[in-house]
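The values are calculated or read from the model by the stated rules, or taken from the named source; none is laboratory data. None of the values given here were measured: they were computed from a predicted structure. Using ideal geometry, Cβ is built from the backbone for each residue, glycine included, and neighbour counts are taken over all protein chains shown. When the accessible area is computed, the model is the full protein with side chains, heavy atoms only, and any ligands, DNA or RNA have been set aside. Shrake-Rupley method; radii C 1.70, N 1.55, O 1.52, S 1.80 Å.
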Amino acid sequence: MSLVARIGQSVGAIPAADWDRLAGPDNPFVSHAFLTALEDSGSVGGTSGWTPLPIVIEDDDGAPAAAMPAYLKGHSQGEYVFDHSWADAWERAGGSYYPKLQVSVPFTPATGPRLLVGDRPDLGIPLLRAAEQLCEGNDLSSAHATFIEPAQRPMFEDAGWLLRSDIQFHWENRGYESFEDFLAALSSRKRKDIRKERARAQDGVEIRALRGDVIRSEHWDAFWLFYQDTGARKWGRPYLTREAFDLIGERMADRILLVLAFDEDRPVAGALNFIGGNTLFGRYWGATVDKPFLHFELCYYQAIDAAIALGLDRVEAGAQGRHKMARGYEPVETWSAHWIADPGFRAAVADFLERERAGVAQDRDWLGGHMPFRKG
């Protein structure tokens, strides 16, 4: 069998059935519906600095046999794995760090497959070689695959990409049948703290968890206001356009959990979650009121409630946030992989990453020893 790698101009140009066959059903963010919602809404492409360049390997019949969500990047925004110091160092040395190739889901620090190989794991390394050739043929400084799922990490190692680790905080479902069952696993003081936080957060508001066609345009209008406020404070400007939420709602309604807090009939805060095969992914949050503990309630406790009810294994609540530990979210190492074109620059980055990984592992071990669970 002969294989041909092709570079596409959009995920939307690839038939949805072919893309989703390779991506599998478990991760909502690599689905055709999500990635094309970003494209069709103008959240990527244009002047966003994210130019879609999906890489597809075709078999003899021209059918896609493997694919990779990839983007030409003119900056390092919206990635959550920070390489600004690398860019500065390479620019000071006289090089051009941008553009670079980003293998990821835009604006989404959630683990998932980056090599969409269906039932052909042997095509993982050919995909990576195609990405390298794309960089070499177009004078790109580097390629970066972020938040790679653990099962695919060996493919990147075998291909010789440099590995980088970081820490997120995920909640693990240890067979809990209810939120009270989860609380029973915590120390007495932490149980009391969480009960008090939930009571204060819920006082005076009604919390509704919305799914499917129950989510209407007015709900997205309200959530857009929340998202804009959070985005303006965190990133300077929101990454997603208003239309993105309508398209995601239309195309992925069954995979969305939108939690809203109402003051009478007026939404005042909300958290957006995506439902995966075994994971609930918390993505965005915002509020138009300053209410103590409402953030924890909507983003963390409601997510735990939902994961237990849906029989999911874990909750990924986004990047950073050591405060999540006190709410039962545990430190987990996340991984990215990096290919650097220049041998000297690559050696310098490799040395940095070796030292950084040791520090991250030490930090994770320390954090793991300070969880709020009962001893013994």
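Here is how the numbers come out for the structure above:
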read-out: Net dipole in debye of segment 208-325 [+1 Lys, Arg Cβ; -1 Asp, Glu Cβ; about Cα centre; nearest 20]; value: 500
read-out: Rg/Rh ratio calculated on Cα atoms of segment 71-134 (Kirkwood radius); value: 1.03
read-out: Label-point gap, in nm, between residue 60 and residue 133 - each point 7 angstrom along Cα→Cβ; value: 1.9
read-out: Debye-sum result for segment 258-364 in log10 I(q)/I(0), which assumes one identical scatterer on each alpha carbon, at q = 0.23 Å⁻¹; value: -1.22
read-out: Reduced Cα scattering model of segment 284-329, Debye log10 I(q)/I(0), q = 0.13, 0.24, 0.25 Å⁻¹; value: -0.31, -0.96, -1.01
read-out: Furthest towards positive pole of dipole, 155, 125, 258, structure part the chain, Cβ charges; value: 258
read-out: Charge dipole (debye, nearest 20) of segment 123-187; +1 at Cβ of Lys and Arg, -1 at Cβ of Asp and Glu; value: 160
read-out: Translational diffusion of segment 307-364, µm² s⁻¹ [Kirkwood Rh, Cα pairs; Stokes-Einstein; 25 °C; 0.890 mPa s]; value: 170
read-out: Reach of residue 100 by Cα under 18 Å, taken over lysines that are not fewer than 8 positions away in the same chain; value: 73
read-out: The chain: DSSP helices with Cα axial extent of at least 18 Å and average Kyte-Doolittle hydropathy no lower than 0.0; value: 124-137
read-out: Debye equation applied to the C-alpha atoms of segment 143-204, log10 I(q)/I(0) at 0.16, 0.18 Å⁻¹; value: -0.71, -0.77
read-out: Rounded to the nearest 20 debye, dipole of the chain from Cβ charges on Lys, Arg, Asp, Glu; value: 1460
read-out: Built amide H within the under 5 Å cut-off of residue 9, gap 5+; value: none
read-out: Projected area, mean over directions - segment 256-301, Cα convex hull, nm²; value: 3.3
read-out: Options 42, 81, 14, ranked by Cα towards positive dipole end of segment 1-149, top entry (Cβ charges); value: 81
read-out: Å² of accessible area per residue within the chain, as computed with a 1.4 Å probe and no ligands counted; value: 43
read-out: Rg and Dmax [Cα atoms of segment 1-124; Å; Rg one decimal, Dmax integer]; value: 15.3, 47
read-out: Accessible-area composition of the chain, carbon plus sulfur, in percent [1.4 Å probe]; value: 49
read-out: Average projected area [Cα convex hull, segment 29-188], square nanometres; value: 13.5
